[in-house]
Amino acid sequence: RKRCIRISTGSKQLDACLNGGFQTMSISEVYGEFRCGKTQLAHTMSVIAQLPIEMGGAEGKVAYIDTEGTFRPERIMEIAERFGGEVPRFPFPFPGANATVVDPDQACENIAYARAQNSEMQTELLEGLASNFTTNEFRLLVIDSVMSLYRTDYSGRGELSERQQALGAFLRRATQMAEEFNLVVLMTNQVQSDPGASALFAGADGRKPVGGHVLAHASTTRLLLRKGRGEERVAKIVDSPDCPEREATYIITTGGIND
Ligand code: ATP
Ligand code: MG
């Protein structure tokens, strides 16, 4: 039987709220307005996932589906520097393998990166990863962001139910993969810009994630990110199977998400 693993977010405060970090075998979703750090969190976790278990990592490779073209290898290298370049080279024996000190370039090589141009391609890329995942080396799958291409591809009136159907198929497959391959599936998501819609939603800030019930039901853990005072950012746990609704503050640094 597979054992659930948690991957640290880079912020001790946020990790504490999440009982150690985001867990494998289900979908985790972070949503919030622009510049609140969703993509930076995805980059930070792409490095941490590779680290030894004792460092909050999962000693695993990372798959990254980028729908907005905001992935930056230079950021991965900067974040890897923060952890002393202690990124293991693959393949290596695990669990409990000793980290080998390597160049931050290795941190990038451990990330299977793909840019999706439309929602159909997003699904195809996910399916294509299944063969990579059978090697059992991967522990994190990032989708940044889950809804943007669906929103562009199904923007017409009357296309919503079609969109939700396609989205549902994508999310079912992602959930299956999370369970089968023991992956943290980290999805970023946008918030609705229509303030009227927020009245229907109980979340802090009155902000509602896009994706409707289909995405709400697929996400096991949901976090709302928002800007705080000055450089501070705030994460609120909105939905979790094992953590109470709590808030944590974090900052974005050269070394990624931190306290
Ligand atoms: P969007 O909805 O537009 O995709 P996002 O939530 O993904 O937004 P990010 O791109 O993760 O936002 O975060 C952008 C923020 O990260 C900016 O405020 C920027 O100043 C900060 N940032 C980016 N790189 C660094 C860095 N090297 N050091 C410190 N802060 C940084
Ligand atoms: Mg982003």
Residue pairs qualifying under the 6 Å Cβ cut-off, at least six apart or on distinct chains, with the first in segment 197-223 being crowded, with 16+ Cβ neighbours inside 10 Å and modelled with pLDDT of 95 or more and the second being assigned to a loop (DSSP other than H, G, I, E, B) and of a type outside the set (Asp, Glu), are 210/147; 210/190; 210/192; 211/147; 220/241; 221/240
Does segment 46-60 include one or more residues that are modelled with pLDDT of 95 or more, over 16 Å from residue 73 (Cα atoms), within 16 Å of ligand 1 (Cβ to nearest atom) and not aromatic (Phe, Trp, Tyr)? no
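Hey, among the residues in segment 115-145 that are within 16 Å of ligand 2 (Cβ to nearest atom) and not in a helix (DSSP H, G or I), which one's surrounded by the fewest Cβ atoms within 10 Å (Cβ to Cβ)? Spell out the reasoning first.
Just the residues of segment 115-145 that are within 16 Å of ligand 2 (Cβ to nearest atom), to begin with: 115-116, 122, 142-145.
Okay, now just the ones that are also not in a helix (DSSP H, G or I), so 115-116, 142-145.
Details: 115: 13, 116: 20, 142: 25, 143: 26, 144: 24, 145: 25.
Among residues in segment 115-145 that are within 16 Å of ligand 2 (Cβ to nearest atom) and not in a helix (DSSP H, G or I), the one surrounded by the fewest Cβ atoms within 10 Å (Cβ to Cβ) is 115.
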Say whether the condition of being in a helix (DSSP H, G or I), more than 16 Å from ligand 1 (Cβ to nearest atom), within 28 Å of residue 43 (Cβ to Cβ) and in contact with a helix residue (DSSP H, G or I) (Cβ under 7 Å, 6 or more places away or on another chain) is met by at least one residue in segment 146-155. yes
Residue in segment 22-39 that is within 9 Å of residue 223 (Cβ to Cβ), assigned to a loop (DSSP other than H, G, I, E, B) and among the hydrophobic types (A, V, I, L, M, F, W, C) present: no
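The values are calculated or read from the model by the stated rules, or taken from the named source; none is laboratory data. All values reported here derive from a predicted model rather than from experimental measurement. Don't worry about glycine lacking a Cβ; one is built from the backbone with ideal geometry, like all the others, and counts go over all protein chains shown.
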